[in-house]
Amino acid sequence: MNHQTIDPDLAGLAKLTDAHQRLREQIAHVVVGQDDVIEQLMICIFARGHCMLEGVPGLAKTLMVSTLADCLSLQFNRIQFTPDLMPSDITGTEVLQEDRTSGTRRLEYVRGPVFANVVLADEINRTPPKTQAALLEAMQERHVSAGGRRHHLPDPFFVLATQNPIEQEGTYPLPEAQLDRFLFKVFVGYPSREEERQIYRRTTGIATGGVEKVLDGAEIPQIQELVRRIPISDHCVDYVMNLVRATRTTEPDRPDYISKWIAWGAGPRAGQALILAAKAKAGLDGRTCVTIEDIRAVAHPALRHRLVTTYAAQAEGQTPDTVIDRLLNDIPVRAGAEKVDGQVAQVFRS
């Protein structure tokens, strides 16, 4: 591979690493703490995936997402999901328009709020399955069909859906097959004591200025393509495969506790999510290939919503996260897993 091909990739990687640091600095001006959550949101965006965010109200989820969109020069829309929300309320609908000059009438498509770069689907479990399915179809296909025509969504397109874990009455939990469409499921926890003190001081005084633009929105699709070109060795791919296959009760060499605690394991999309997320993490950190530690770092958000636990697991206090902890301890790492195959390593070689 010649230097004309290599140099732009290396320059792009350096730009991504610099943007990562600047994004963290700018978001820290507005959002206190939540460093891990912000990191995982950035991984989702640059891996071209969608994210499910779960946490109690008042933890700055909306502020976090809107600030990130501002830093990336992206259009941001928030949709508050309610039980009476219809699919056309989010995707748009055709409206009959009349030309007063000629008197002719025609159907014109009016776009809904899903036509944005970053869409916050707030409390997605409060709306009926039909409306949920309309959003999930748009997430997967990246277009909306209306009146026999396809209307393409903007690129980049990122959906962040939130769920409130403390209220389950009158909700419509997403089926496991639909949760699988999300690259990550991220938990938002309470702030530390010092972070909470900063929140009180910052939000009850005079408002400060906004954030600076870090990237142009048009650059993000190029960075997403760059992330996909980051090399990963066969050893790392095999580790991902072994980790995913170990969650299935049908595998003969699964750990014994899987049959007891897991009703349904992860499918191949989980492995794809692990690899793409690990590539994005490596790129954000400025490394030219994926390591085992990258995979382990993204295992919990990439797998937790793809594992269905049994009643026995719930009775024993086991959760998908505790099962993933056990698997990370029990699945062996092959010798040489940190080395990149010679053929793959030609990309990004200086």
Does at least one position in the stretch 91-107 carry a residue that is exposed (fewer than 15 other Cβ atoms within 10 Å of the Cβ), assigned by TED's automatic domain parsing to the domain that holds residue 150 and not in a loop (DSSP other than H, G, I, E, B)?
no
Residues that are touching a helix residue (DSSP H, G or I) at 6+ places or on another chain (Cβ under 6 Å) and not in a loop (DSSP other than H, G, I, E, B), drawn from the stretch 73-89
76, 79, 87
Filter the stretch 35-55 down to residues that are within 15 Å of residue 180 (Cα to Cα) and within 8 Å of the chain's Cα centre (by Cα), then give me how many there are.
6
Odd one out for residue 218, checked against (1) modelled with pLDDT of 90 or more; (2) part of a helix (DSSP H, G or I):
(1)
Name the helices (runs of 4 or more DSSP H) wholly inside the stretch 278-333 in which the number of residues that are within 22 Å of residue 235 (Cβ to Cβ) and touching a strand residue (DSSP E or B) at 6+ places or on another chain (Cβ under 9 Å) is 1 or more.
299-303
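When residues of the stretch 273-321 are filtered for being of a type in the set (S, T, N, Q) and modelled with pLDDT of 95 or more, how many remain?
0
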Report the residue count in the stretch 245-269 for those that are free of Cβ contacts under 8 Å to residues at least 40 places away in the same chain and in a helix (DSSP H, G or I).
4
Number of positions in the stretch 199-208 that are outside any helix (DSSP H, G or I) and in contact (Cβ under 8 Å) with a residue 12 or more places away in the chain:
1
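Per-residue answers, yes or no, for (1) among the β-branched types (Val, Ile, Thr); (2) without any contact (Cβ under 8 Å) to a residue 60 or more places away in the chain; (3) within 30 Å of residue 193 (Cβ to Cβ):
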position: 62; (1), (2), (3): yes, no, yes
position: 72; (1), (2), (3): no, no, no
position: 136; (1), (2), (3): no, yes, no
position: 152; (1), (2), (3): no, yes, no
Counting only residues in the stretch 126-163 that are part of a helix (DSSP H, G or I) and in contact with a helix residue (DSSP H, G or I) (Cβ under 8 Å, 6 or more places away or on another chain), the one surrounded by the fewest Cβ atoms within 10 Å (Cβ to Cβ) is identified as 130
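Kindly establish whether residue 181 is in contact with a His (Cβ under 9 Å, 6 or more places away or on another chain) and of a type outside the set (Val, Ile, Thr).
Working: in contact with a His (Cβ under 9 Å, 6 or more places away or on another chain): yes; of a type outside the set (Val, Ile, Thr): yes.
Yes; evaluated as a whole, the condition is true for this residue.
The values are calculated or read from the model by the stated rules, or taken from the named source; none is laboratory data. In this text the structure is predicted, and so the values were computed from the model without any measurement. Backbone-built Cβ (ideal geometry, glycine too); neighbour counts: all protein chains shown.
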